[in-house]
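Reading through the structure tokens given below for one structure.
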Amino acid sequence: MTISHHLRVALLLDTAINEGGEWTTRRVQRFYRAAGYQVPLRATARKDLHALHMQGHLVLHDDNGRRYYTVNTRKDSV
């Protein structure tokens with residue numbers, strides 16, 4: 001099933017908020033596959049995470065080259 005970029009990112013944000021934790025490109029790819037979406041490219045997962053980061057919904061962490069995102073819980077920064 002194909003899905004628009006905006007809907008895909010909205011679903012990712014909703015899931016990240018509900019599940020919490022660290023979000024990597026691999027985790028996003030697994031989420032999309034489990035949801036039945038044909039989004040196999042790592043670049044797509046990275047782009048979606050970056051979009052949510054730029055909108056202020058996710059916080060980027062870089063731990064010695066390991067990049068991951070978490071939900072931004074600061075209400076005044078969104």
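If you roll a 1.4 angstrom probe over the protein chains with everything in place, what fraction of the accessible area of the chain belongs to carbon and sulfur, to the nearest %?
Carbon and sulfur: 51 percent of the exposed surface of the chain.
What angle, in degrees between 0 and 90 and rounded to the nearest 10, separates the Cα long axis of helix 5-19 from the longest principal axis of the Cα atoms of the chain?
Between the helix axis and the principal axis of the chain, the angle is about 60 degrees.
Could I have the simple spin-label model distance between T73 and I17, label points 7 Å from Cα toward Cβ, reported in nm to one decimal?
Label at T73, label at I17, 1.6 nm between them.
Of T73, H57, A10, which is farthest on the positive side of the dipole of the chain, counting Cα position, with +1 on Lys and Arg Cβ, -1 on Asp and Glu Cβ, and the Cα centre as origin?
With unit charges placed on the Cβ atoms, the residue in question is A10.
Using a basic spin-label model with each label point 7 Å from the Cα along Cα→Cβ, how many nm lie between R26 and H6?
Going from the R26 label point to the H6 one covers 3.4 nm.
Given a Förster radius of 30 Å and the C-beta distance between R66 and L41 as r, what FRET efficiency does 1/(1 + (r/R0)^6) yield to the nearest 0.05?
It comes out at approximately 0.90.
The values are calculated or read from the model by the stated rules, or taken from the named source; none is laboratory data. Keep in mind it's a predicted model, so treat the numbers as computed, not measured. Cβ sites come from the backbone with ideal geometry, for glycine too, and all protein chains shown count toward neighbours. Side chains are part of the model used for accessible areas, which takes the heavy atoms of the whole protein and leaves out ligands, DNA and RNA. Shrake-Rupley method; radii C 1.70, N 1.55, O 1.52, S 1.80 Å.
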